[in-house]
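Taking it in order: structure first as structure tokens, then the write-up.
Every read-out reported here was derived from the displayed coordinates using simple, explicitly stated rules and does not represent laboratory data. The structure displayed is predicted, hence computed values, not measured ones. All Cβ positions, even for glycine, are placed from backbone atoms using ideal geometry, and neighbour counts span all protein chains on display.
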Amino acid sequence: MTAIVSKVGGERWKQDAMWLPTVDRCPQDEPTTPMATTEMANTTMAMTTEAMTTEAMTTEATTMMTTTPKPVVGHYDLKDMNGTFCIMSQFNATLRVNYTKHDNETALVTIMVPLMAEVSGMCPMNMSSQMMSQLKLSFKNGTRTLTADFEEVNGTAVLTGISFFFVYDEEFVNASMMGQNETIGNSMLNLALSKATDAYRCDSGDMVMITSRLDLMTVDFIVQAFNVMNDTYGPENRCAGDMTTQAPQTTETTHMMNHTTEMTTTTTTMTTTTTTMMPTTVQCAGRDRVLTGVAL
């Protein structure tokens, strides 16, 4: 503390009655230069640009084709006595069977035709002046057999009938005919497939209502029941569903949408942070140095 000396009427006198304190300034009172708004904006833009570049690189690296996994198909080919293919087919097949339970309620069971089903049947044969062929797929130790009958009509391969033989087992829960067998079929389908020299193909899937109690659904279906040459399929007749099926889409659009959302979120967060980072004003009340600033 120092005394304040004043000069009044040419005389020097010392003010003994009053001592005034010297005001010490705390470091926080020193002038603070806030970061320029332009500089903060440029920093935010630079960080956002860097994030966008990183996301773009990630998008490029992760772009891939998204396709629905194709079901595994079984190859069900029938050979003649010489070991030459006379019927060729491949498909993934599912049967749906309606049955009656003990309480007289109706239930539905879905049965997949296994890939390793046993193949038998009849090679094309002239019967009653009509070329016919038959394909049989047996499985579950012979307790189930799916049979397809084909006929050549005026140069056209026709699927004339489908039948399913099965034994009521544990899959037919509470079946009223448990342990018994039954055959459900239709010999009057008459579904034209292709020219007799061609193969019929339907990748998109077919659903045939055989009876009110039996449906057959196939995917990636190819069959040639007549005129198989050199163990290969002839020209393909495609089903209507294959002609209208759209090409698979890629995941690039999805990735881009996700990355755009992430970049938007990042930019918003940075803007909020910029607002929070404004310089804090600190005041000091004399010697007591009371801090009244806002803490970060």
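Once the other residues with Cβ under 15 Å from the Cβ of TYR99 are scored (Lys, Arg +1; Asp, Glu -1), what is the net sum?
Residues near TYR99 contribute -3 overall.
Would you please give the FRET efficiency between THR232 and GLN180, computed as 1/(1 + (r/R0)^6) with r the Cβ-Cβ distance and R0 = 35 Å, to the nearest 0.05?
Once rounded, the FRET efficiency stands at 0.25.
Report the net charge of residues surrounding ARG213, where surrounding means a beta-carbon distance below 10 angstrom and charges are Lys +1, Arg +1, Asp -1, Glu -1.
-1
Tally Lys and Arg at +1 and Asp and Glu at -1 over the other residues with C-beta under 12 Å from the C-beta of LEU159: what net charge comes out?
Summing Lys and Arg as +1 and Asp and Glu as -1 gives -4.
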